[in-house]
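The next block holds one structure in the form of structure tokens; read it before the comments.
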Amino acid sequence: MNELIRIYKECLNAGKTERECIRLATAMAEEAGYINLNECISENRELKAGDKVYASYNEKTMAMFHIGNEDLEKGMNILGAHVDSPRIDVKQNPLYEEEGMAFLDTHYYGGIKNYQWVTIPLALHGVIVKKDGTRVNVVIGEKEDDPVFAISDLLIHLSREQMSKTASKVIEGEKLDLLIGTEPIEGEEKDAVKKNILSILKDMYDVEEADLLSAELEIVPAGKARDMGLDRSMVMAYGQDDRICAFTSLFAMLDIDTPDRTACCLLVDKEEIGSYGASGMQSRFFENAVAEIMLLTGHAGDISVRRSLSNSNMLSSDVNAAFDPLFPEVFEKKNSSFLSKGLVFSKFTGSGGKSGSNDSNAEYIAALRNVMDLNDVKYQFAELGRVDAGGGGTIAYITAQYGMEVIDSGLAILCMHAPMEISSKADICEAVKGYKAFLTQMK
């Protein structure tokens, strides 16, 4: 367990953005013998049982396939998780100076509590693409000798009016601007601090202000994943929603022998904002990759793709809300998930009257229970809080449109969507164990 947790924390530290996660997963897959699907297509290489291939899109989405012994038309066992996490994005025209202080203008991404992101050390991750196509990777704030950044808050002595506001209004979205400097450049009177920041960026990355127009820069909490608790039984880190499921799915995928049914690990982007766009689950990326795989395994035509997808099983691997005894009023205890009690299966998600939810079939759940029990995997069934308390969703409803069997499955997390989230080490181990059993034994 200690070795698994060590690797997991290293992955969290190295993968704080979706691009970083996909780059890391690609490197690990290639080390394990996976071949780029584009290479197979260009060579018209026939795929057979035991072959391992991957497809990716723009360092944001990835699908890995371990070809099984059975005909691919009989379906696959698919683990699907997302690698994007709630954060704060930098706008396209971000840099400005106000009263001798330089800021980056921002727009938050996903569901966050704005007030949680002020006065904490923040780091800047992302990519800047210049007009000639040169891609510059940016990471500032993670090394011991790096500077960090922050979003300011009002001092308590002047907060009488602020403290009377509702939590959603205490820090509004347009006040989440990142303070990045106060030192003016010599010989300039107007915007001297801003110009100094541009000079520093030029020295560090050889970029101009205009290059920020074609940048994707993300603001995330600075610092590493840490053991939590005197007993070191937990992990505290940024982005465990949903990278705890993405990395455990990846670990399981890389650690299986040739399965009977083709195994697939699908890592996607944009789940936190509805799975839209070319890198989101609502795109045709996965379907197109499956079509290419089918062709290389000797199946031509749309009907083969449809048969494979409709005959597949999937775990939509996403986190659930761990029961918090400090806030019991929003949970229904009998149907809640708990830290250190294993994998979480949720028959449905959504909100209110199951709005926006996939609702799994009883027959599929029974088959899953059998596989988990045969492999001594600890698991629990749960829903996300009280019926009228709120709700949430995953990518399950999207893949269910193919007619495949899908259920939400993941791990319980405390403080979900906060800058730092809390997980159980025991649950991480059970997830890898359960995902491997699913990939290799689910019929």
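Annotation: of all residues in segment 159-191 being among the small types (G, A, S) and either free of Cβ contacts under 8 Å to residues at least 12 places away in the same chain or open to solvent by 50 Å² or more (accessible area, probe 1.4 Å) (or both), the one that is farthest from Q116 (Cα to Cα) is G187. Kindly indicate whether E272 is within 25 Å of the chain's Cα centre (by Cα), of a type outside the set (A, V, I, L, M, F, W, C), under 30 Å from S233 (Cβ atoms) and in a helix (DSSP H, G or I). Answer is yes for this residue. Based on this model, can you work out whether A246 counts as closer than 30 Å to C264 by Cα and either among the hydrophobic types (A, V, I, L, M, F, W, C) or part of a helix (DSSP H, G or I) (or both)? Criteria met by A246.
For G239, the criteria (1) open to solvent by less than 10 Å² (accessible area, probe 1.4 Å); (2) free of Cβ contacts under 8 Å to residues at least 40 places away in the same chain hold in every case but one, which is (2). Only residues that are part of a loop (DSSP other than H, G, I, E, B) and under 17 Å from A55 (Cα atoms) were counted in segment 278-307, giving 7. Of all residues in segment 260-287, those being among the hydroxyl-bearing types (S, T, Y), open to solvent by 50 Å² or more (accessible area, probe 1.4 Å) and in contact with a Gly (Cβ under 7 Å, 6 or more places away or on another chain) number 0.
I'm checking my understanding of the structure. Among residues of segment 72-88 that are assigned to a strand (DSSP E or B) and more than 15 Å from the chain's Cα centre (by Cα), which one is nearest to H125 (Cα to Cα)? Among residues in segment 72-88 that are assigned to a strand (DSSP E or B) and more than 15 Å from the chain's Cα centre (by Cα), the one nearest to H125 (Cα to Cα) is I78.
The set of residues in segment 288-344 being under 30 Å from A426 (Cα atoms), of a type in the set (V, I, T) and open to solvent by less than 50 Å² (accessible area, probe 1.4 Å) consists of V319, V344.
Residues that are in contact (Cβ under 8 Å) with a residue 12 or more places away in the chain, within 27 Å of L24 (Cα to Cα), in contact with a Lys or Arg (Cβ under 6 Å, 6 or more places away or on another chain) and surrounded by 16 or more Cβ atoms within 10 Å (Cβ to Cβ) are absent from segment 87-103 altogether. Within segment 118-157, the set of residues being open to solvent by 60 Å² or more (accessible area, probe 1.4 Å), aliphatic (A, V, I, L, M) and in contact (Cβ under 8 Å) with a residue 60 or more places away in the chain comprises just one member, V148.
How many of the residues making up segment 25-47 are in a helix (DSSP H, G or I) and either at positive phi or in contact with a Leu (Cβ under 9 Å, 6 or more places away or on another chain) (or both)? Number of matching residues: 7. Residues of segment 393-411 that are closer than 14 Å to A322 by Cα and more than 15 Å from the chain's Cα centre (by Cα): none at all. Regarding segment 300-321, can at least one residue be identified that is under 19 Å from the mean Cα position of the chain (by Cα) and charged (D, E, K, R)? Within segment 300-321 (the criterion being under 19 Å from the mean Cα position of the chain (by Cα) and charged (D, E, K, R)), the answer is yes, since at least one residue qualifies. Restricted to strands (runs of 3 or more DSSP E) entirely inside segment 111-214, those with at least 1 residues that are more than 29 Å from the chain's Cα centre (by Cα) are 178-181. Taken over segment 106-117, the residue count meeting the criterion of being open to solvent by 10 Å² or more (accessible area, probe 1.4 Å) and either without any contact (Cβ under 8 Å) to a residue 40 or more places away in the chain or under 27 Å from S164 (Cβ atoms) (or both) is 8.
The values are calculated or read from the model by the stated rules, or taken from the named source; none is laboratory data. Please read all numbers here as calculations on a predicted model, not as lab measurements. All Cβ positions, glycine included, derive from the backbone under ideal geometry; neighbour counts span all protein chains shown. Only protein heavy atoms, including side chains, enter the accessible area calculation; ligands, DNA and RNA are left aside. Shrake-Rupley method; radii C 1.70, N 1.55, O 1.52, S 1.80 Å.
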